[in-house]
Amino acid sequence: MLALVACAGQRAPATGAPSGYALVIDASSSGSRIHILRWRQPRQGALPWIKVAPFPRAAGEPAWSEAIDHELSSYAADPTQAGAALAPLLEYAQQRLDSVGADLGTTRIYLKATAGMRLVPEPEGGRIMAEVRRYLAASPFDLESAEIISGQQEALFGWITVNYMLGLLGDGGPFPTVGALDLGGASTQITFLPLDYPEESAARVVLGGTEYRVYSHSYLGLGQDQALQAVGSPTCYPKGYPIPSGTAGVADGSRGLGDYLACRQAIRDTLSADCTASDCSLMGVYQPPLYGDFFAFSGYGYAASFFGLGQDLSLAALEASGQTYCAEDWEQILRQRPDERGRKYLPAYCFKAAYIVTLLTDGFGFPLTTRRIVAPGRVQGSEVSWVLGSLVYELGGSTQ
């Protein structure tokens, strides 16, 4: 599949068709990020042409995207501040669009909140979103929607992104597609087209005039950050790491034990559940047999890059790297990685390696020796996320 990634399909824009810019804000559990995209809609029901702005982009030129660290869920105690917190993102977008003479009034803006906001109870969650809608409606952009999307939507949008970027959707197919694996901070998703799948359980989505019947599931609370808190074991931190006081499940004053295999067992214990279906995934959830190749992104891609695994996500290699990293002395890890900006992430990579291997093998059912997963991080120079797929769906998709 790496050859397919390298020569990912380039859709030509339809001349004379409606076009413009769109803004999509990903309000996640770790912060909010605005993405600027260009789109062109050839005809009703057809797949739109969408590119990450600026387009065309010079070699090495970054995508038009900006992030803030504070997440919307952090405003549960004072929802009135949630909308104004997005001001830096809107200012960034306005500056970028002004630089190319874009019409702000016809630039569509969408805000889609994910697992972090799905965890906020009512009425706080509703109050946050009401303030966000009020603020965005008063902006110079054309507000299309501001909503908390379901886990199923997030999973489906990620699958659309991957297959759209690879040129595998629409045009009279269905062509062979690839599955999508997404690992966030608060949730994780798996989506693919099974070979055999009960009709009543299939999610039916129409894209570019082609119907796809996909299996899709999102696990709220099993993203890498939430799972680390749920497991709560010193075995999952590098050897000698001073675990901060107040860490869930860990006694104050504890240090990391760096025991990779024990960490994996602790993760298995957290993910296990009785299963009543004939085919099961983690937590006893039904899952049809895996089929085809898979494209892993977000947390998977960051871990593959951190451990130097290349674009092929070899679970056996990740396990070996994880065992070595966990057992390494914490002070030695710091000496080997002096970059201050990345240091805050270092303690979690012992757990991340063990979690990814356990999630994919014991959870989803991939063999440790699988060669069916790639995690290249980028396609056509753009980072992969569910954002692009959400706009493809908004402009050219529907569910049955």
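The values are calculated or read from the model by the stated rules, or taken from the named source; none is laboratory data. From a predicted model like this one, the values you see are computed outputs, not experimental measurements. Here Cβ is always computed from backbone atoms with ideal geometry, including for glycine, and neighbour counts include all displayed protein chains.
Quick notes on this one:
- Identity of the residue in region 60-98, more than 22 Å from the chain's Cα centre (by Cα) and assigned to a loop (DSSP other than H, G, I, E, B), that ends up farthest from Gly31 (Cα to Cα): Gly60
- Candidate set from region 350-366 (those that are buried (at least 22 other Cβ atoms within 10 Å of the Cβ) and of a type in the set (Phe, Trp, Tyr)); member that is nearest to Ile333 (Cα to Cα): Phe351
- Some residue of region 148-164 being of a type in the set (Phe, Trp, Tyr), under 19 Å from Leu360 (Cα atoms) and in contact (Cβ under 8 Å) with a residue 40 or more places away in the chain: yes
- Candidate set from region 37-79 (those that are touching a helix residue (DSSP H, G or I) at 6+ places or on another chain (Cβ under 6 Å) and among the β-branched types (Val, Ile, Thr)); member that is surrounded by the most Cβ atoms within 10 Å (Cβ to Cβ): Ile50
- Residue selected from region 290-317 under the condition out of contact with any strand residue (DSSP E or B) (no Cβ under 8 Å at 6 or more places or on another chain) and over 22 Å from Ser30 (Cβ atoms), by the criterion surrounded by the most Cβ atoms within 10 Å (Cβ to Cβ): Ser314
- In region 135-173, residue nearest to His217 (Cα to Cα) [restricted to those that are acidic (Asp, Glu) and surrounded by fewer than 20 Cβ atoms within 10 Å (Cβ to Cβ)]: Glu147
- Test: residue in region 109-124 that is small (Gly, Ala, Ser), modelled with pLDDT of 95 or more and surrounded by fewer than 22 Cβ atoms within 10 Å (Cβ to Cβ): no
- Counted residues, region 318-345 - those being under 22 Å from Arg255 (Cβ atoms), aliphatic (A, V, I, L, M) and buried (at least 19 other Cβ atoms within 10 Å of the Cβ): 1
- Pair list, Cβ < 8 Å and 6+ apart or interchain, from region 276-292 residues that are on the phi > 0 side of the Ramachandran plot to residues that are modelled with pLDDT of 85 or more and hydroxyl-bearing (Ser, Thr, Tyr): Met283/Tyr219; Gly292/Thr177
- Elements of type helices (runs of 4 or more DSSP H) in region 256-356, at least 1 residues being within 23 Å of the chain's Cα centre (by Cα) and modelled with pLDDT of 95 or more: 260-271, 299-306, 315-327
- Residue that is nearest to Arg118 (Cα to Cα) [pool: residues in region 220-246 that are in a loop (DSSP other than H, G, I, E, B) and within 25 Å of the chain's Cα centre (by Cα)]: Gly221
- Leading residue by the ranking (farthest from Val387 (Cα to Cα)) among those in region 130-149 that are in a strand (DSSP E or B) and acidic (Asp, Glu): Asp142
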